Amino acid sequence: MPFMRLRHPSPPKLAQKRAGGGRKGLPKGRLGWLGSGRKLFWSWWLWIVAAIALEILDHWGAGVACATIGFVFYLLTPQEHVPRYGLDSEIAVHSHEFLTSIVGTTGVPFVKNNKVTVLNNGDEFYPAMLKAINDAGKTVTMEAYIFWKGDIGHRFAEALAERRRAGVTVKLLLDAVGSASIGAEIQKILQESGCELVWYNPIRLRTIGRFNNRTHRKSLIVDGRIAFTGGAGIADHWTGDGQDPAHWHDIQIRVEGPGAFGLQTGFAQNWLDTTGELVSGEGFFPPCDAAGTMATQTILSTPEAGSSAVRIMYYLSIVSARRSIYIANPYFIPDDSATEILIDARHRGVDVKLMVAGIHNDMRVSRYSGIHLYGKLLEAGIEIYEYNRTMLHQKTMVVDGIWSTVGTTNFDSRSFALNEESNVCVHDRRLAEQLEQIFREDLKSCERVTLENWRRRGLKTRLLGAVCVFLKDQT
């Protein structure tokens, strides 16, 4: 009886009518025909359908090829739910409502009474990290994407081994792909001293469905009270002061106080997932006295959650900006939604400055993809700067001179949708001013990208950019 369907709409539709119109606001980041074509190309099911059709038509070889492509695309395709609605500007970063929204949308509370120290380049953060290890009394835990052989790797290994011989529990969780260059000598030092060295997600047939999930975190936690995180791993190119192309520019932070628990939680979860061992006890999670006055929020992102908490934090921060957005990130490959909300911010008068890795870039695919996407941002009046003194590798954002985040997350699909990541956020003017000062100083080593110069980029850059941006969801 058709009239019954008219008189009794389904509960969701009825609820939408009573609420006044369904999903909140207009969607951001409409794909267009090129984006839709790219999404269709990467759809694993399309290749499986083609494989079945070819098998029916007795094209066995082509069918196997399509099935293989479909299987690979199934493994590579991110499963994240990207926000598209609710990205309209309604609240301001300086407001209490912003803080409650950040807590509510990420599920992570703020922890009070911390001291946060910004460490600019290896000459500052490596000595601080080694001192913390040398002072450890009960536990040292480390989760790292990169731990490579070399002088600094050897120094860390020796420091960790010495603490283990002194009776301190030492646990290291290293990514099986990123730290594959650790070298036999360092492994021997760690293992002979009794340090527990475990590999995160080694590539095996039984776990092939997760091979693209890497831990990109860089966390060092000492006695559960002092924690370090940021863009740097353990490798020689992070030593120095970012003075030349052989020494990268990066930022770490030191968190002392109850806020260290957040990074320890991330380590404990991945250690449990990898080893089956529950990390607990006062040595890892001690009662912490107040160390400072800052409240910190440690956001842990994992593809297991289905949506990136760090992406949510970035997007909500951008749409809530009222004065300024300063982002420093080496691999800046925004999706369509991010591009649109950055443009919206500029249109409402926000000063938007983006600093990215320039000519010294270890990921050419990311560089060409990023360049290809500059156009819309430049047309909107967003300022883009390429850092050309050395490889810029920090991942920081400062909004309205009060909201800051420092962490491991690149502004790209891989970090948001495929990797284990961590970012520490702080709502504090003093810390924001310190990071802004570093940003302004770094501008002196940058070349500003103008719309005119971008439009005059060469044919090679155009072609490589078009190809690389086609791969952007998988890079």
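Can you find a residue that is in contact with a helix residue (DSSP H, G or I) (Cβ under 7 Å, 6 or more places away or on another chain), surrounded by fewer than 19 Cβ atoms within 10 Å (Cβ to Cβ) and either in a strand (DSSP E or B) or in the same structural domain as residue 320 (by TED's automatic domain parsing) (or both) anywhere in region 442-455?
yes
Residue 203: of a type in the set (A, V, I, L, M, F, W, C), surrounded by fewer than 23 Cβ atoms within 10 Å (Cβ to Cβ) and not in a helix (DSSP H, G or I), yes or no?
yes
Select, from 415, 404, the only residue that is part of a strand (DSSP E or B) and in contact with a strand residue (DSSP E or B) (Cβ under 6 Å, 6 or more places away or on another chain). Step through it out loud before you land on a result.
Values: 415 fails: part of a strand (DSSP E or B).
Answer to the selection: 404.
Within region 363-417, can you find the residues that are within 18 Å of residue 316 (Cα to Cα) and hydrophobic (A, V, I, L, M, F, W, C)?
If the condition is that a residue be within 18 Å of residue 316 (Cα to Cα) and hydrophobic (A, V, I, L, M, F, W, C), then 397, 398, 399, 402, 403, 406, 411, 416, 417 are the ones that fit.
Mind telling me which of the residues 223, 175 ends up being under 20 Å from residue 279 (Cβ atoms) and either free of Cβ contacts under 8 Å to residues at least 60 places away in the same chain or in contact with a His (Cβ under 6 Å, 6 or more places away or on another chain) (or both)?
Only one candidate qualifies: 175.
Quick one: how many residues across region 112-132 are farther than 19 Å from residue 251 by Cα and either without any contact (Cβ under 8 Å) to a residue 40 or more places away in the chain or touching a helix residue (DSSP H, G or I) at 6+ places or on another chain (Cβ under 7 Å) (or both)?
Residues meeting the conditions: 0.
Please go through region 345-362 and pick out each residue that is within 14 Å of residue 314 (Cβ to Cβ) and over 18 Å from the mean Cα position of the chain (by Cα).
345, 352, listed by residue number.
From the list 284, 228, which residue is assigned to a loop (DSSP other than H, G, I, E, B), touching a residue at least 40 places away in the same chain (Cβ under 8 Å) and closer than 20 Å to residue 173 by Cα?
None of the other options fit; the residue is 284.
Conditions tested, residue by residue: (1) hydroxyl-bearing (Ser, Thr, Tyr); (2) more than 23 Å from residue 201 (Cα to Cα); (3) buried (at least 18 other Cβ atoms within 10 Å of the Cβ); (4) not assigned by TED's automatic domain parsing to the domain that holds residue 413.
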| position | (1), (2), (3), (4) |
| --- | --- |
| 253 | no, yes, yes, yes |
| 259 | no, yes, yes, yes |
| 274 | yes, no, no, yes |
| 295 | no, yes, yes, yes |
| 322 | no, yes, no, no |
| 329 | no, yes, yes, no |
| 337 | yes, yes, yes, no |
| 351 | no, yes, no, no |
| 356 | no, yes, yes, no |
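The values are calculated or read from the model by the stated rules, or taken from the named source; none is laboratory data. The shown structure was predicted, so the numbers you read here are calculated from the model rather than taken from an experiment. Neighbour counts are summed over all protein chains in view; Cβ atoms, including those assigned to glycine, are modelled from backbone coordinates with ideal geometry.
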